[in-house]
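Enquirer: Provided herewith is a single structure, encoded as structure tokens, for subsequent inquiry.
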Amino acid sequence: MKLPSRRSFLKQGATTCALSPFVVAELPSSALDDEFSLKEVHLLQGMSGWEYKSLWGNLKGITEKEADWKPNPESNSVRWVVGHLCWFEEWVADAIENKGRYLTDKKPVSIVEPTMEAMKARFDAAKARSTRLIEGLTAETWTRKVIFVGRVEVPIFNLIQSLVSHTAGHRYQVRYIRGTYSRVFHITNKADFDPW
């Protein structure tokens, strides 16, 4: 029996994880009244903001060399992970506005910037834009459907939910990569960027 390669196994798993926020049943239309939806969106925005702030806390003091390091050749680097999160933030905003990357990108990618500082500036701008757009949504637009990265139709409300889980999952990946780098090279102190 031939087993799938590690990369194809992980790719299949990543697809499952990426789609999992959308497998849950949609909220019944009666639950999407203005007051309920507004509370839910504010809660999700708060959680998304916390994850974003925590991500940059976990990136405190990272060097360009460390940002490019991979625990093994098939792994992603921290730079790739952060670029991917930036891409998703831009993609969500474009999906809400039905333009840009939403119309062109049919699979997940990673943004490339020359430095982590430039990546943060771009990501900050993307986060500010998505936050502004999400705050402007109404009950009618929360239920509008979009195609999630060329795969499945989902309401915008579920897309907003995915911002939280997506960032949380990849933030853990950043913590793992940086923690491993710290233990292997003894150049950084894990407690400085990840107190856990």
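The values are calculated or read from the model by the stated rules, or taken from the named source; none is laboratory data. Predicted model only: the values in this text are computed from it and were never measured. Note that we place each Cβ from the backbone using ideal geometry, even for glycine, and neighbour counts take in every protein chain shown.
Enquirer: Surrounded by fewer than 17 Cβ atoms within 10 Å (Cβ to Cβ), of a type in the set (Ser, Thr, Tyr) and out of contact with any strand residue (DSSP E or B) (no Cβ under 6 Å at 6 or more places or on another chain): does that describe residue 188?
Expert: Working: surrounded by fewer than 17 Cβ atoms within 10 Å (Cβ to Cβ): no; of a type in the set (Ser, Thr, Tyr): yes; out of contact with any strand residue (DSSP E or B) (no Cβ under 6 Å at 6 or more places or on another chain): yes.
Answer is no for this residue.
Enquirer: Kindly indicate which of 90, 113, 117 is assigned to a helix (DSSP H, G or I), at pLDDT 95 or above and surrounded by 14 or more Cβ atoms within 10 Å (Cβ to Cβ).
Expert: Details: 113 fails: assigned to a helix (DSSP H, G or I); 117 fails: surrounded by 14 or more Cβ atoms within 10 Å (Cβ to Cβ).
Unique residue meeting the criteria: 90.
Enquirer: Of the residues that sit in the stretch 47-78 and are of a type in the set (A, V, I, L, M) and part of a helix (DSSP H, G or I), which one is surrounded by the fewest Cβ atoms within 10 Å (Cβ to Cβ)? Walk me through it before giving the result.
Expert: Within the stretch 47-78, the first condition is being of a type in the set (A, V, I, L, M), and the residues that meet it are 47, 55, 59, 62, 67, 78.
So of that shortlist, the ones also part of a helix (DSSP H, G or I) come out as 47, 55, 67, 78.
Details: 47: 17, 55: 19, 67: 22, 78: 24.
Applying the filter and picking the extreme gives 47.
Enquirer: Can you list residue pairs whose Cβ atoms sit under 8 Å apart, with the first residue in the stretch 135-152 being farther than 14 Å from residue 102 by Cβ and assigned to a strand (DSSP E or B) and the second being modelled with pLDDT of 85 or more and not small (Gly, Ala, Ser)? Count only pairs 6 or more apart in sequence or on different chains.
Expert: none
Enquirer: Moving on to the next point. Just to be sure I understand the filter: pairs with C-beta atoms under 9 Å, separated by 6 or more residues or on different chains, first member in the stretch 92-117 and in contact (Cβ under 8 Å) with a residue 40 or more places away in the chain, second member assigned to a loop (DSSP other than H, G, I, E, B) and small (Gly, Ala, Ser). Which pairs pass?
Expert: Filtered contacts from the stretch 92-117: 93/100; 96/136; 105/150; 106/150; 107/150.
Enquirer: So is residue 177 at pLDDT below 95 and in contact with a helix residue (DSSP H, G or I) (Cβ under 8 Å, 6 or more places away or on another chain) or not? Please lay out each step first, then the result.
Expert: Values: at pLDDT below 95: no; in contact with a helix residue (DSSP H, G or I) (Cβ under 8 Å, 6 or more places away or on another chain): yes.
So residue 177 fails the test.
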